[in-house]
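Engineer: Please read through the structure below; I'll follow up with questions.
The values are calculated or read from the model by the stated rules, or taken from the named source; none is laboratory data. Since we're looking at a predicted model, the values are computed, not measured. Glycine also receives a Cβ, built like all others from the backbone with ideal geometry; neighbour counts cover every protein chain displayed. With ligands, DNA and RNA removed, areas are computed over all heavy atoms of the protein, side chains included. Shrake-Rupley method; radii C 1.70, N 1.55, O 1.52, S 1.80 Å.
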Amino acid sequence: MENIKISVAKGDGIGPEIMDAVLKVFKAAKVPLDYEFVEMGKSVYDRGYTTGMTEEAKSSVESTGILFKGPMETPKGGGVKSINVTARKTWNTHSNIRKFQTIKGVDTVFSKAGIPINLTIVRENVEDTYGGIEHYMTKDVAVSRRIISRPGSQQVIRSAFETAIKEGYSTVTCGHKANIMKLTDGMFLDTFYEIAKEYPQIKVEDIIVDALCMKLVYTPQSFECIVLTNLQGDIVSDLCAGLVGGLGFAPSANLGDHIKIFEAVHGTAPDIAFQNLANPTSLLLSGVLMLNQIGLEQYGAAIRNAVLTTIDKGFYTGDFGSDRTKSVGTNEFSDAIIQELDFSRITDSNPAKYQKPIPLQQNKMMVSSVEVIETVGIDIFIETETQADKIAEIVQANLDRDMEVTTITNRGTQVWPEGSVFTNLVDTYIVRIEKNTTAEIKKKKFMEQAIRLYDHLNISSIEMLISINGKRKYSLAQGQKVVAIS
Ligand code: NAI
């Protein structure tokens, strides 16, 4: 059987120690892998690479399709982006899969109560506020753009259903906040129910994310596979890690259509680096997820079983465990795991299942169906410390007749034409201008209004208002009355 080549980045802090421990276990288990060691992380930033990876590392990962990585440090300040987030976004690993299972020997409130946990969080991994598109609009107001796309949602939701099938789950739950973020989370939720039709054998349900958190803490056994947008998924997955004993026990896989990244979920733990204290379990279990993905399930099962048996027998690194047993170092812990490897579990494997990525010539454009899009208005962001009725006067005096000011808002709350003097203001208003005719108005004409207003008001940004197939695709202000758009 031919070995599979993967790219390995040991990482910073405790990274090299835990990666060496994991590769020692892999070697003992005779896992048929070849390693291409690549440079990523702090030492690469220090040499002036702002992406945190060398060209050789990039081409290695794009050729093998698999990156197995230790935790990496992102230098603070200096405007460089996190290598972890950059890697996930650059290679479009759209789905972050984290599995949370009760581990015998790791005491939690649930294990003590005899409540087993077996759930998987599938988190969107590229979009949302992690786009990092942020601006100061004025001295007092910063804005973040939260991008949710239909194709991006489709990718992660499909991954969730495929994961459910692989894991033998019967239900997929969509966590969201579509009651507040009606368009972004609304799109994610609509997409969830659309994709669900392709998987009639799986039961589906949705739940608002705050209620989800409460229920996860209350009855975690009532969930199997939960799919979420990026930020909500980030928070909920750490909550789930807490349910099973902490970040050290939760493996993580970042799956894309071409490239897959497997990593420990914790950081570089600089406080315990180079002291033989680090716990390699999270990286080991992530390695098991990797073996399962590339057709080496039997090796994965044998290693996972050896890890669980070791912990159950009372071998602990110092970060967890109990007073019952003395803790051991990273090296002793991995040696104990090797002692527990049961080779009778490894009879054959099927590495042919793993396909290296096909080299791509250009970026893939993902588009959904063709729909009729019409521009129906414009939101103009204005920096001022005056009151809203004064702004309305200025805008109305400079507007074409086929348009009107429908609302002026401050932090999303309407302050004109109606409002309350109890609404506190900041120095950014949004003036909404909408067409008051059924005739089509060209986008350029809305832009011209903004340019004309620029002579009278301090405009900091604009946003076009569109309708798709006659349906309004912009949020209403708190307190805004609905007007017909055509
Ligand atoms: P951290 O996870 O490194 O450490 C938090 C606490 O947990 C520390 O007390 C540490 O000793 C302990 N800990 C973490 N992993 C452990 C392990 N395997 N065994 C035993 N104890 C462990 O989080 P922190 O301190 O917020 O971040 C440190 C650095 O790690 C930062 O530079 C951060 O940017 C980076 N980081 C990298 C990540 C990645 O590469 N995926 C993820 C999170 C943070």
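Engineer: What is the percent carbon and sulfur in the accessible area of region 373-472, measuring with a 1.4 Å probe over the protein chains and ignoring ligands? Let's see the in-between values first.
Structural biologist: Working: 2700 of 5480 Å².
Carbon-and-sulfur percentage of accessible area, whole number: 49.
Engineer: Percent relative contact order of the chain, based on C-alpha pairs within less than 8 angstrom and at least six residues apart?
Structural biologist: This gives 16 percent for the chain.
Engineer: In region 54-176, what percent of the accessible surface is made up of carbon and sulfur (1.4 Å probe, ligands and nucleic acids excluded)?
Structural biologist: C and S fraction of accessible area: 53 percent.
Engineer: Note down the magnitude of the dipole of the chain about its Cα centre, charges +1 on Lys and Arg C-beta and -1 on Asp and Glu C-beta and zero elsewhere, to the nearest 20 debye.
Structural biologist: Details: 52 positive and 59 negative charges, 125 e Å.
Around 600 debye, computed over the chain.
Engineer: List the trypsin sites (Lys or Arg not before Pro) in region 51-85 that DSSP assigns to loop (not H, G, I, E or B) and whose Cβ has at most 13 other Cβ atoms within 10 Å. Which are they? Provide the component values of the computation, followed by the final result.
Structural biologist: Details: sites: Lys58, Lys69, Lys76, Lys81; in loops: Lys76, Lys81.
Passing both the DSSP loop test and the Cβ count: Lys76, Lys81.
Engineer: Kindly sort Trp91, Trp416 by accessible area of their heavy atoms, largest first, with the probe set to 1.4 Å.
Structural biologist: So the residues, ranked largest to smallest area, are Trp416, Trp91.
Engineer: A further question follows. Just want the answer: with Cβ charges of +1 for Lys and Arg and -1 for Asp and Glu, which residue in Thr309, Gly479, Thr268 is farthest toward the dipole's positive end in the chain?
Structural biologist: Thr309
Engineer: Sorting His258, His135 by accessible area (1.4 Å probe), largest first, what list results?
Structural biologist: Highest to lowest solvent-accessible surface, that is His135, His258.
Engineer: Taking the Cβ of Cys225 as the center, what net charge do the other residues with Cβ under 12 Å away carry, scoring Lys and Arg +1 and Asp and Glu -1? Please list the in-between numbers first.
Structural biologist: Working: positive: Arg98, Lys99, Arg123, Lys166, Lys203; negative: Glu162, Glu167, Glu205, Glu224.
Summing Lys/Arg as +1 and Asp/Glu as -1 gives +1.
Engineer: While we're here: Taking a threshold of 27 Å on the Cα-Cα distance, which of the pairs Lys215/Lys481; Lys89/Lys471; Lys182/Lys481; Lys166/Lys356; Lys139/Lys444 fall above it?
Structural biologist: Lys215/Lys481; Lys89/Lys471; Lys139/Lys444
Engineer: Give me the aspartates and glutamates in straight-line cross-link reach of Lys76: C-alpha distance below 20 Å, same-chain residues under 8 apart excluded.
Structural biologist: Counting by Cα, and skipping residues close in sequence, Lys76 has these aspartates and glutamates nearby: Asp12, Glu39, Asp46, Glu134, Asp271.
Engineer: A follow-up question, please. With charges only on Cβ, +1 for K and R and -1 for D and E, what is the dipole size of region 40-110 about its Cα centre, in debye, rounded to 20?
Structural biologist: 240 debye
Engineer: Here is a follow-up. Can you give the calculated 222 nm mean residue ellipticity of the chain, where each DSSP H run of n ≥ 4 adds -39,500 (n - 2.57) and the sum is split over every residue, rounded to the nearest 500 deg cm²/dmol? If you can, show how the numbers build up before the last one.
Structural biologist: Values: 14 runs with 156 residues, N = 486.
Here the helix-only value at 222 nm equals -10000 deg cm²/dmol.
Engineer: If you don't mind, there's one more thing I want to ask. Net charge within 15 Å of Gly479 by Cβ-Cβ distance, Lys/Arg positive one each and Asp/Glu negative one each, not counting Gly479 itself?
Structural biologist: That works out to +2.
Engineer: Would you work out which of Ala28, Thr90, Phe422 lies farthest towards the positive end of the dipole of the chain, given +1 charges on the beta-carbon of Lys and Arg and -1 on that of Asp and Glu, about the Cα centre?
Structural biologist: Farthest towards the positive end: Ala28.
Engineer: Using the Cα centre of region 373-472 as the reference point, and only Cβ charges (+1 on K/R, -1 on D/E), how large is the resulting charge dipole? Debye, rounded to the nearest 20. Write down the numbers at each step before the final one.
Structural biologist: Working: 12 positive and 16 negative charges, 77 e Å.
Value, rounded to 20: 360 debye.
Engineer: 5 Å is the cut-off here: which amide hydrogens, built 1.01 Å from N in the peptide plane, fall below it relative to Val376, excluding neighbours closer than 5 in sequence?
Structural biologist: Amide H neighbours of Val376: Leu465, Ile466, Ser467.
Engineer: Further question: Enter the accessible area per residue of the chain (Å², integer; probe 1.4 Å; all protein chains in place). Working shown, then result.
Structural biologist: Numbers: 23770 Å² over 486 residues.
Using a 1.4 Å probe on heavy atoms only, each residue of the chain averages 49 Å².
Engineer: Write out the trypsin sites (Lys or Arg not before Pro) in region 82-189 meeting two conditions: DSSP loop, and at most 14 other Cβ atoms within 10 Å of their Cβ.
Structural biologist: Lys104, Lys139, Lys182
Engineer: Run through region 358-439 and list the chymotrypsin sites (Phe, Trp or Tyr not before Pro) located in a DSSP loop whose Cβ has at most 16 other Cβ atoms within 10 Å.
Structural biologist: Sparse-neighbourhood loop chymotrypsin sites (Phe, Trp or Tyr not before Pro): Phe422.
Engineer: For region 265-364, calculate the relative contact order in percent as a whole number, restricting contacts to Cα pairs under 8 Å that are 6 or more residues apart.
Structural biologist: Over region 265-364, the number comes to 32 percent.
Engineer: Could you give the longest part of the chain that holds none of the GluC sites (Glu not before Pro) found in DSSP loops with at most 12 neighbouring Cβ atoms within 10 Å?
Structural biologist: 3-197
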